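Read through the structure below, which is laid out as structure tokens, and then see the notes.
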Amino acid sequence: MKLHNSYTNKVEDFKPIDGNKVKMYVCGPTVYDNAHLGHARCYITWDVLYRYLKFKGFDVTYCRNVTDVDDKILKKAESEGKTPEEVSTYWYQRFTESMNALNNLRPDIEPFATKTLGEMIGMVKDLIAKGYAYETNGDVYFRVKKFPHYGYLSKQPIDALESGARVEVGVQKEDPLDFALWKKDEKFGYKSPWGVGRPGWHIECSAMSRKYLGKTIDIHAGGADLIFPHHENEIAQSECANGCKFVNYWLHNGFVTINKEKMSKSLGNFLTIDDLLKNYDANTIRFFILTNHYRMPVEFSDEALQSAAAGVKRLLNAKPAKIDEGLNIEQFAEYKEFVDAMDDDLNTSRALAALFELTNKANKDIQGAYTVLFKLASVLGFTFEKQKLSEEELKSVINALNSDMGTNYTGMDEVIAARKKAREEKNWAVADAIRVGLDKQGIVLKDGKEGTVWELK
RNA sequence: GGCGACAUGGCCAAGUGGUAAGGCAGGAGCCUGCAAAGCUCUUAUCCCCCAGUUCGAAUCUGGGUGUCGCCUCCA
């Protein structure tokens, strides 16, 4: 299996440190607001990596942190008159709901920054003891110049970074490039050897990664906007504190754009996952994301989502057959193509093409095709479960139909039986009126050889 | 300014030296009472432009043009 490593900027063979065990860390959300389509892309991408690694037989430990101590959370807490805990707890729940709605698997470990403070403080102490960090007036900073590899991940020459570095007012740094490991904060802070304060964002990930996965891990992933400074700083801190390599494979996903511009909180041009789910289902959003390679930008538009909806419908509408658990799916050419594609740095668009081949074969009743399709589609996180109507929704559909047609049906079976009778009597007016009436309620009737079935549009 | 990525049919998108996957949309046919779904066929002499390397390039090299991203919080 090959993966693109941002550190070397090359596609490399993936080899875990320890046999088939894979330690994988993904930078999780800062929980202060709604997640948007950009977050959806990131977490769907790494969900697919997680699923695929497991499918390949790796023993994966997937850790995705929750940043629950941060300026933005504090600001929100102050403006809303709440405690930071209330804000982060609320938005963490929202985030979890969004992830579930998108059918993302839960990471094996979801550590909270506020629960890993001891590890962070220990790491900062180490860095000071080793001369990589210094305390000034309650703040602690990392000496960037002490780490010779600084800038390697982001491919930034250090002098270029230096000339662009901002000098904050009222901060006593030795060098403008130095970044905060610990910030004095007497209002919301925690006790530390340097007074009351809170951790810098970067040290959080370094500490959580070390605590839950170890000093050197296989994969560290996140959005490409985290390369600088976040991941660059993580490398500096971790490698100086631990005295060994931090991460073997750095993986980064591209952005979702809208009107050719990066979708982001600060630009305000974002669509929340909740809002999207009102118009499109999880399979559609996933398909939309996976039609593009994960490192390429993806341009959002309603047209693109509608196209994705039509595409995923074809896939999931494949003619069902009994799932054959004993089937050797590896003998199928499409299986091989799927694995080849995914092994090639997660080429999901090629993998999807293999799924479409299987769909075509399943529709032609070719033995086993549906089983292979079902299994491989699950690796990409698609779910074949049809959306169902609740009793109440079904009742309101029937009621609407009755009031349209002046009838008295009590259930869908009765409606279908009535239509069957009308068709047998060649009473096309009634038969078509029922179909049109249901269509208005978002229900499609399909007349097949084995009778008529209904489903949601 | 520094660093990086991308440019393939109406739209999206694979393809990194041997002659253009796949999806959406469109067209024709089959099936159907008519539909829907499905099935079959069909839609790029050509891959931003120019030059070069090669028997052969969308794919390699050089030079343009255009778009985007990072360099500040950001998935």
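Give me the pairs, please: first residue somewhere in region A:67-93 and within 15 Å of A:E110 (Cβ to Cβ) and open to solvent by 90 Å² or more (accessible area, probe 1.4 Å), second residue anywhere and assigned to a helix (DSSP H, G or I) and at pLDDT 95 or above, beta-carbon distance under 8 Å, and either six or more positions apart or on two chains.
none
Can you tell me which residues in region A:437-453 are over 21 Å from A:K313 (Cα atoms) and within 10 Å of RNA strand B (Cβ to nearest atom)? Steps first, please.
Filtering region A:437-453 down to residues over 21 Å from A:K313 (Cα atoms) leaves A:437, A:449-451.
Selection gives A:K449 alone.
If A:I443 passes every condition in (1) in contact with a strand residue (DSSP E or B) (Cβ under 6 Å, 6 or more places away or on another chain); (2) open to solvent by 30 Å² or more (accessible area, probe 1.4 Å) but one, which one does it miss?
Evaluating A:I443 over (1) in contact with a strand residue (DSSP E or B) (Cβ under 6 Å, 6 or more places away or on another chain); (2) open to solvent by 30 Å² or more (accessible area, probe 1.4 Å) leaves (2) as the failure.
Can you name the residue in region A:8-32 that is assigned to a loop (DSSP other than H, G, I, E, B) and at pLDDT below 95 and is also nearest to A:F300 (Cα to Cα) among such residues?
Filtering region A:8-32 down to residues assigned to a loop (DSSP other than H, G, I, E, B) leaves A:8-9, A:14-17, A:19-20, A:27-29, A:31-32.
Now restrict to residues that are at pLDDT below 95: A:8-9.
Numbers: A:T8: 30, A:N9: 27 Å.
Residue satisfying both the conditions and the ranking: A:N9.
Any idea how many residues of region A:261-304 are touching a Phe, Trp or Tyr at 6+ places or on another chain (Cβ under 6 Å), within 7 Å of RNA strand B (Cβ to nearest atom) and open to solvent by less than 20 Å² (accessible area, probe 1.4 Å)? Break it down into steps so the answer makes sense when it comes.
From region A:261-304, those touching a Phe, Trp or Tyr at 6+ places or on another chain (Cβ under 6 Å) are A:262-263, A:283, A:297; that's our starting set.
Right, trim to within 7 Å of RNA strand B (Cβ to nearest atom) and you get A:262-263, A:297.
Pick out the ones that are also open to solvent by less than 20 Å² (accessible area, probe 1.4 Å) and you get A:263.
The qualifying residues number 1.
What are the residue pairs meeting all of these: first residue in region A:409-436, first residue under 18 Å from A:V397 (Cα atoms), second residue of a type in the set (D, E, K, R), Cβ atoms under 6 Å, and 6 or more apart or on different chains?
A:A431/A:R419; A:A431/A:R423; A:I434/A:R419
Quick one: in region A:310-353, which of the residues that are outside any helix (DSSP H, G or I) and charged (D, E, K, R) is nearest to the chain's Cα centre (by Cα)? It would help to see each step written out before you state the result.
Of all residues in region A:310-353, those outside any helix (DSSP H, G or I) come to A:317-328, A:332, A:344-347.
Now restrict to residues that are charged (D, E, K, R): A:319, A:322, A:324-325, A:344-345.
Values: A:K319: 29, A:K322: 31, A:D324: 30, A:E325: 29, A:D344: 20, A:D345: 17 Å.
Selected residue: A:D345.
Restricting attention to region A:354-372, which residues are crowded, with 17+ Cβ neighbours inside 10 Å and either of a type outside the set (D, E, K, R) or outside any helix (DSSP H, G or I) (or both)?
Let us first name the residues in region A:354-372 that are crowded, with 17+ Cβ neighbours inside 10 Å, namely A:354-355, A:357-359, A:361-362, A:368-372.
Correct list: A:A354, A:L355, A:L358, A:T359, A:A362, A:G368, A:A369, A:Y370, A:T371, A:V372.
Tally up the residues in region A:310-353 that are open to solvent by 60 Å² or more (accessible area, probe 1.4 Å), among the small types (G, A, S) and within 11 Å of RNA strand B (Cβ to nearest atom), please. Lay out the reasoning, then the answer.
Restricting attention to region A:310-353, the residues satisfying the condition of being open to solvent by 60 Å² or more (accessible area, probe 1.4 Å) are A:310, A:313-314, A:319-320, A:322, A:324-326, A:328, A:330-331, A:333, A:336-337, A:340, A:344, A:350.
Filter again for among the small types (G, A, S), leaving A:310, A:326, A:333.
Remaining after also requiring within 11 Å of RNA strand B (Cβ to nearest atom): A:310.
Looking only at that region, the number is 1.
Matching residues to (1) among the aliphatic types (A, V, I, L, M); (2) closer than 22 Å to A:A40 by Cβ; (3) within 16 Å of RNA strand B (Cβ to nearest atom):
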{"site": "A:A101", "(1), (2), (3)": "yes, yes, no"}
{"site": "A:D126", "(1), (2), (3)": "no, no, no"}
{"site": "A:K130", "(1), (2), (3)": "no, no, no"}
{"site": "A:Y150", "(1), (2), (3)": "no, no, yes"}
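I need a count of the residues in region A:389-408 that are without any contact (Cβ under 8 Å) to a residue 12 or more places away in the chain and part of a loop (DSSP other than H, G, I, E, B).
Residues in region A:389-408 being without any contact (Cβ under 8 Å) to a residue 12 or more places away in the chain and part of a loop (DSSP other than H, G, I, E, B): 4 in total.
With the requirement that a residue be within 14 Å of RNA strand B (Cβ to nearest atom) and among the hydroxyl-bearing types (S, T, Y), what does region A:223-260 give you?
Within region A:223-260, just A:T257 meets the criteria.
Within the set of pairs 6 or more residues apart or between chains, which connect a residue that is outside the structural domain of A:Q306 (by TED's automatic domain parsing) and farther than 13 Å from A:K386 by Cβ inside region A:439-457 to a residue that is of a type in the set (S, T, Y) and open to solvent by less than 70 Å² (accessible area, probe 1.4 Å) with Cβ atoms less than 7 Å apart?
As it stands, the answer is A:L445/A:T452, since those pairs meet every condition given.
Looking at (1) more than 9 Å from RNA strand B (Cβ to nearest atom); (2) assigned to a helix (DSSP H, G or I); (3) open to solvent by 50 Å² or more (accessible area, probe 1.4 Å), can you tell me which one A:S307 breaks?
Failing condition for A:S307: (1).
Of the residues that make up region A:152-160, is at least one surrounded by fewer than 19 Cβ atoms within 10 Å (Cβ to Cβ), under 21 Å from A:D71 (Cβ atoms) and either basic (K, R) or within 16 Å of RNA strand B (Cβ to nearest atom) (or both)?
There is no residue in region A:152-160 that is surrounded by fewer than 19 Cβ atoms within 10 Å (Cβ to Cβ), under 21 Å from A:D71 (Cβ atoms) and either basic (K, R) or within 16 Å of RNA strand B (Cβ to nearest atom) (or both).
Do the conditions hold for A:N242, that is, is it open to solvent by 10 Å² or more (accessible area, probe 1.4 Å), without any contact (Cβ under 8 Å) to a residue 60 or more places away in the chain and not assigned by TED's automatic domain parsing to the domain that holds A:I158? Explain how you work it out, then say what you get.
Working: open to solvent by 10 Å² or more (accessible area, probe 1.4 Å): yes; without any contact (Cβ under 8 Å) to a residue 60 or more places away in the chain: yes; not assigned by TED's automatic domain parsing to the domain that holds A:I158: no.
Answer is no for this residue.
What's the total number of residues in region A:155-193 that are within 30 Å of A:Y249 (Cβ to Cβ), in contact with a Pro (Cβ under 8 Å, 6 or more places away or on another chain) and not in a helix (DSSP H, G or I)?
Within region A:155-193, residues that are within 30 Å of A:Y249 (Cβ to Cβ), in contact with a Pro (Cβ under 8 Å, 6 or more places away or on another chain) and not in a helix (DSSP H, G or I) number 4.
Quickly run through region A:207-233 and pick out the residues that are out of contact with any Leu (no Cβ under 9 Å at 6 or more places or on another chain) and hydrophobic (A, V, I, L, M, F, W, C).
Correct list: A:M208, A:L213, A:I217, A:A224, A:L226.
Residues in region A:24-35: is at least one crowded, with 23+ Cβ neighbours inside 10 Å, more than 14 Å from RNA strand B (Cβ to nearest atom) and closer than 16 Å to A:C205 by Cβ?
Yes: region A:24-35 contains one or more residues that are crowded, with 23+ Cβ neighbours inside 10 Å, more than 14 Å from RNA strand B (Cβ to nearest atom) and closer than 16 Å to A:C205 by Cβ.
When region A:408-436 is examined, which residues are found to be among the charged types (D, E, K, R), surrounded by fewer than 13 Cβ atoms within 10 Å (Cβ to Cβ) and within 9 Å of RNA strand B (Cβ to nearest atom)?
Let us first name the residues in region A:408-436 that are among the charged types (D, E, K, R), namely A:413-414, A:419-421, A:423-426, A:432, A:435.
Next, from what is left, pick out any that are surrounded by fewer than 13 Cβ atoms within 10 Å (Cβ to Cβ): A:413, A:421, A:424-426.
The answer is A:K426, and nothing else.
Run down A:L394, A:L389, A:L456 and say which single residue is modelled with pLDDT under 95, out of contact with any helix residue (DSSP H, G or I) (no Cβ under 6 Å at 6 or more places or on another chain), within 13 Å of RNA strand B (Cβ to nearest atom) and more than 30 Å from A:K54 (Cα to Cα).
Details: A:L394 fails: within 13 Å of RNA strand B (Cβ to nearest atom); A:L389 fails: within 13 Å of RNA strand B (Cβ to nearest atom).
After applying the criteria, what remains is A:L456.
The values are calculated or read from the model by the stated rules, or taken from the named source; none is laboratory data. Quick caveat, the model's predicted, so the values are computed rather than measured. Glycine also receives a Cβ, built like all others from the backbone with ideal geometry; neighbour counts cover every protein chain displayed. For the accessible areas, the whole protein counts, side chains as well, though only heavy atoms, and no ligand, DNA or RNA atoms are used. Shrake-Rupley method; radii C 1.70, N 1.55, O 1.52, S 1.80 Å.
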